1. Please tell me the relative contact order of the range 627-752 in percent, rounded to the nearest whole number, where contacts are Cα pairs under 8 Å and at least six residues apart.
2. For the peptides 155-168, 643-656, what is the packing order when you average, over each peptide's residues, the other Cβ atoms within 10 Å and list the highest mean first?
3. Helix 324-334 against the longest principal axis of the chain: what's the angle in degrees, Cα atoms only, rounded to the nearest 10?
4. Between the range 566-602 and the range 519-554, what is the separation of their alpha carbon centroids in Å?
5. 5 Å is the cut-off here: which amide hydrogens, built 1.01 Å from N in the peptide plane, fall below it relative to ARG655, excluding neighbours closer than 5 in sequence?
6. In which sequence would ILE630, ILE147 go, from the one with the fewest C-beta neighbours within 10 Å to the one with the most?
7. Tally Lys and Arg at +1 and Asp and Glu at -1 over the other residues with C-beta under 11 Å from the C-beta of LYS541: what net charge comes out?
8. Using Cα atoms only, what is the angle between the long axis of helix 129-138 and the major principal axis of the chain, expressed in degrees (0 to 90) to the nearest 10?
Amino acid sequence: MKPSLNEIKKKTIFMVCIVAVLLALLVLRVAYWQIIRGDELSSKAKAQQQGSSIVTASRGDIYDRNGKVLAESATVNTLICNPKDIEADGDSEVIAARLAPVLNMDQNEILKIITKNSRYQVIKKRLTNEQTEAVKKLRDSDVDATIAKAFKGVYFENDSKRYYPFNVAPHILGFTGYDNNGLQGIELTFDDELMGRNGSIETNQSAKGTTLKDQQNEYLNSSQNGDDVVLTIDETIQHFLEKHLEEAVTENKLKEGAAGIIMNPKTGEILAMATKPDFDVNNPYDIDQFEKYAIDLGYDTSDDTSDDPDATPKPTEDPNNLSDEAIAKIRNKMWRNKVISDTYEPGSTFKIITAAAALEEHVVDLNSTFYCPGFKIVADRKIGCANKSGHGAQTFVEGVRNSCNPVFMELGERLGYEKFMEYFTAFGLTEKTNVELVGEASSIYYHNKMSEVDIATSSFGQGFQITPIQLVTAVSAVINGGERMKPQIVKEIRNSNGILKTYEPEVISRVISEETSQQMREILESVVSLPTSTGKNAYVKGCRIGGKTGTSEKGNRDEEKRIASFIGFAPANDPEIVCLIMLDEPQVDNKYGGTIAAPLAGEVIEDVLNYLGVEKQYTENEEPDVKQEIPDVRTMDLTEAKKAIVDKKLNVQVRGDGDTVVDQLPKPGTMLNEDSTVILYTEEIDKTHTVTVPNLKGMSVDNAKYTLEMSGLNFEIVGAGHSEVSSAYAVNQSIAAGEEVTPATVIGVEFRQVTSD
């Protein structure tokens, strides 16, 4: 019986519905694989079909303010492999055996890497040039075809290594880690800007993971290099500061090292910042340099069981076998930037702030009178002055010059707690400066109302702690016209397309008036310029330096631990630089800042001003040193030669009985101070004749000059400090006593005066 038309229609509709449902299910399934899991499956397919190697982005450079490259990335080779290729076409045993001595790696370690179930493995990152050349020879069929065949699956990949050309400012620059990520300093602070974005090179592979031999198309995803960072640092000024601090560490046997910072007080730009001893920024994990310094001073060589993270590790019986914990502590100490991370009592350098606040509040004027018996009774305490016999009657200005504690305790009392804390806060001493470096410490100060004794001791810089960078920022506000500037260590961020971001000088607030600032500059200049003031050892003729000494106690008051410091600025009438020098725990007899830190600061300031081309300004009482270039009088008639020398305002000594000059000492072209001596020889010089340099230590200027003249040597005053006064004594000489030198050699002599602050 034939189905009816109606039944056919029903069956047709049913079949169409079935087909429609199946098609819908198929579309949904395709949509699921294509849309929902499309990216996932595409990635898996790509991973099966292609291998990928990294194209490392070049990390951005770091420049000083003048365009000198302080940090850059050099291209190096990383050795990689495709274990699948090695399994298919190479020889893992041969590769491991040959690479082990070249890469200085364990053979079994290499074998483990190259036989992993993987398509990409790093054997060793950042090969040296020697290692790269050695591996290239192993892969070169012209050298050894059998070995080269065994190395199938071993490749080079471009990488970059950080390099610091000048090897300066390690605590500022910081360093990078194994993966080129910033770990310290600017490298860490601006890691995102410097890092860049890596690219890749992709190659076709078989389903087994081996590289296809007939389809070697490569697909490049370009890398994007990092941005460059331009600092406010001047490499030359940084070099000056580091050189002088390094000398100070040795000369003063500084148990806890030295720190210094140089800033432009008008803009807040940091021109140099250093901590010594430091580390090799090109090899930041090497503790040999720091450990040698520590051993020389008898501390800090090993493990430490105290709970204080900053405590000095105690000596070990075997300094050649330090524990990992001891090494980590030494490195942390070595990497520590004292200028921003260490707080300390600033001592008398803080008197600048107290004096400025007192003048601004009109609780004192320049002619206000005080009396110092050598102490002041505050509440139930008798607080002494550095001059135990007292300064007697003196004006406010004389009190600053003498660094008289009773004068400043009186100023603190007149200001009172509220005003004192108001200025303490206004000068930025209760908050971080937010300079663009990690690890900045917070100050330690009074949160509650201060007692009479608290105000008294705080007025001369004790009882609270601040960081060196906070002090420099505060003093800059005192001398720059009264404006507190934000410290700045970065000028701009830029790349190949131009400047991306500029850091402009930032005024935070006005703290004191222009008038008070000018008065303070004049007072602080007299602290240095007068041979009877406490800052006299920072004096440099013609440099117009102002400043203040400081000697603060550290830790337990009975332990005799001291920090000697000096903060100076120049030119005093229009400051271009402010410089703080801090010498931590000197192990010498005289630990006062005025004796050991002030002359160091004077020498640094002189070097910087000369470099910046700041013309010297001599006062009415100063006469510039005049040097004369010795003319060449060899072969001249003796009478004519003597006249040529005398015309240069130089003295003459003649050796020999001839009428013609055959030689002379010093040699032509040498620069000598006027009134120095030139020796003319009318007979051949005895090359073996030398003069023994005498010991001048402790002598006055006149005695040192006379002693050298009697020895046939020339005399020159070098270094900072007032040397013309009778109390000045020789502390250093350019050529050590006992050395043998030619006659008429110039001996530079450095002088100091004893100071109690």
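Nothing in this text is a laboratory measurement; each read-out follows from the coordinates by a stated rule. Here the structure is a predicted model, which is why all the values come from computation and not from measurement. Backbone-built Cβ (ideal geometry, glycine too); neighbour counts: all protein chains shown.
1. Relative contact order of the range 627-752: 23 percent.
2. In decreasing order of mean packing, 155-168, 643-656 become 155-168, 643-656.
3. In the chain, helix 324-334 runs at an angle near 50 degrees to the longest axis.
4. Result: 9 Å between the Cα centres.
5. Here LEU680, TYR681, THR682 satisfy the definition.
6. Ranked by crowding around the Cβ, least crowded first: ILE147, ILE630.
7. Residues close to LYS541 contribute a combined charge of -3.
8. It works out to around 30 degrees.
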